[in-house]
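The values are calculated or read from the model by the stated rules, or taken from the named source; none is laboratory data. Everything numeric in this text was worked out from a predicted model, so none of it was measured. Every residue, glycine as well, gets a Cβ built from its backbone with ideal geometry; the counts of neighbours run over all protein chains shown. These accessible areas exclude ligands, DNA and RNA; they are computed on the full protein's heavy atoms, side chains included. Shrake-Rupley method; radii C 1.70, N 1.55, O 1.52, S 1.80 Å.
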Amino acid sequence: MRSILLTGGAGFIGSNLVRHLVRGKGVSVVNYDKLTYAGNLESLRDLEGDPRHVFVHGDIVDREHLGAVLAKYSPDAVMHLAAESHVDRSIDGPGEFISTNVVGTFTLLEAVRGYWNSLDKGAAESFRFLHVSTDEVYGSLGSDGFFTETTPYAPNSPYSASKAASDHLVRAYRHTYGLPVLTTNCSNNYGPSQFPEKLIPLMILNALDGKPLPVYGTGKNVRDWLYVEDHCEALWTVLRNGRPGEVYNIGGNNERTNLQVVHTICDLLDALRPRPDSLSYREQIRFVQDRPGHDLRYAIDASKIQRELGWAPRETFETGMKKTVEWYLENLEWCRRVQDGRYQRERLGLSSVNGIPEREENIL
Ligand code: NAD
């Protein structure tokens, strides 16, 4: 693999992956991104001037542009991460999720199919299309059990339904046209450069600003957390060694309730950046109205990727969280720059609930 076209490379996982590939693996990356509110080239400043990273501003619903970019750069593989990714936003406005996640993935698949058909036999055989998806397509678990690659799809939010649709399209392009696709379904990621609307950066920044730490419902919802660097290495492993047509679940084996996550953040901040009044940041926790249709628990059985491809996460939740909190403390300027005024860490995702205002401000 010498050259990869990566969609969504200015986002959270994408920017970490671009760096992982360019710096860690010596691969050239063409980063195709629309730069929505979630995409920021600020996250890739350290790669400025590196000829192995080329940024192309584009929208994955633009078939013609995608075709021209594929023809121009002749990548050995495509890694598809571009998406609308925030569940709360999908509750407020599902249309954008259908456009980017479903129509965009379809359009990209069409462009890639055209490109793949134009390759000579050897290049076509080694070409790969890696589709990056989520464990949320499987729906919600009770208090026990795990998602495996054969768990039936049961998406519950507009976000997860749009990702499920994209997964099915990718699968169909393998079955119908023979396109060498790989799909990964991953649990919740955390780490550097995550947009501050997501749980972990939101809590860190609100804590530091003396704002409430809004925990949805009872805080008992469970997610399996994976440090983003571990996810990047898993994607690289699947791209190189995965069997075309196969699905690989990726997880951190780190189940935590949302409340445990918030407690961990508070405790780390208490040690690293104590409050001026010496009280714990836990004082700022507030239980707020739950997300409509909030899935109770996600947990991944990642034994297939471990067994077949030899991948396992390196970070524990404790080591990954310490790195993450330290990164945010050292990069508060990045946080300020990526919030461009349209999003000020207000509550999202309540607009469909009867009688509830569209935006709930975080007021202590
Ligand atoms: P993100 O929201 O941080 O980044 C998404 C990126 O896609 C942004 O840079 C944005 O500008 C770009 N984008 C959006 N619409 C586009 C379009 N129409 N054309 C081109 N670019 C567009 O998302 P993320 O958290 O980095 O997630 C990346 C991928 O991984 C997504 O497909 C997501 O579903 C999947 N995933 C995320 C997680 C997680 O915990 N974050 C877990 C599992 C899977």
**OP:** Pull up segment 184-209, narrow it to residues that are closer than 10 Å to Trp327 by Cβ and near the ligand (Cβ under 10 Å from one of its atoms), then point me to the one that is surrounded by the most Cβ atoms within 10 Å (Cβ to Cβ).
**Re:** Gln194
Original post:
Are there any pairs, at least 6 apart or on different chains, whose C-beta atoms fall under 6 Å, with the first in segment 154-172 and touching a residue at least 40 places away in the same chain (Cβ under 8 Å) and aromatic (Phe, Trp, Tyr) and the second more than 12 Å from the ligand (Cβ to nearest atom) and open to solvent by less than 50 Å² (accessible area, probe 1.4 Å), and if so, which?
Top reply: none
**OP:** Please work out if Leu44 is within 17 Å of the chain's Cα centre (by Cα), more than 9 Å from the ligand (Cβ to nearest atom), open to solvent by less than 50 Å² (accessible area, probe 1.4 Å) and free of Cβ contacts under 8 Å to residues at least 40 places away in the same chain.
**Re:** yes
**OP:** From (1) within 10 Å of the ligand (Cβ to nearest atom); (2) in contact (Cβ under 8 Å) with a residue 40 or more places away in the chain; (3) assigned to a strand (DSSP E or B); (4) of a type in the set (A, V, I, L, M, F, W, C), pick out the condition that doesn't hold for Val56.
**Re:** (2)
Subject >> Positions within segment 213-224 being open to solvent by 10 Å² or more (accessible area, probe 1.4 Å) and either farther than 16 Å from Asp88 by Cβ or touching a Gly at 6+ places or on another chain (Cβ under 6 Å) (or both), in sequence order >> reply: Thr218, Lys220, Val222
Original post:
What residue, among those in segment 144-183 that are within 15 Å of the ligand (Cβ to nearest atom) and aromatic (Phe, Trp, Tyr), is most open to solvent (accessible area, probe 1.4 Å)?
Top reply: Tyr153
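Could you list, in sequence order, the residues of segment 69-126 that are assigned to a helix (DSSP H, G or I) and polar (S, T, N, Q)? Talk me through it step by step, then tell me what you get.
Filtering segment 69-126 down to residues assigned to a helix (DSSP H, G or I) leaves 69-73, 87-92, 95-118, 121-126.
Passing the criteria: Ser90, Ser99, Thr100, Asn101, Thr105, Thr107, Asn117, Ser118, Ser126.
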**OP:** Confirm whether Val137 is within 13 Å of the ligand (Cβ to nearest atom), part of a helix (DSSP H, G or I) and either among the aliphatic types (A, V, I, L, M) or under 26 Å from Asp88 (Cα atoms) (or both).
**Re:** yes
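In segment 20-41, what count of residues is obtained for those that are away from the ligand (no atom under 15 Å from the Cβ) and either open to solvent by 10 Å² or more (accessible area, probe 1.4 Å) or not in a helix (DSSP H, G or I) (or both)? Steps first, please.
From segment 20-41, those away from the ligand (no atom under 15 Å from the Cβ) are 22-28; that's our starting set.
When the remaining residues are screened for being either open to solvent by 10 Å² or more (accessible area, probe 1.4 Å) or not in a helix (DSSP H, G or I) (or both), the result is 23-28.
The number of residues fulfilling the criteria is 6.
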Subject >> Any pair with Cβ under 6 angstrom, 6 or more apart, that starts in segment 96-114 at a residue that is within 9 Å of the ligand (Cβ to nearest atom) and open to solvent by 50 Å² or more (accessible area, probe 1.4 Å) and ends at one that is not in a helix (DSSP H, G or I) and not hydrophobic (A, V, I, L, M, F, W, C) >> reply: Glu96/Glu84
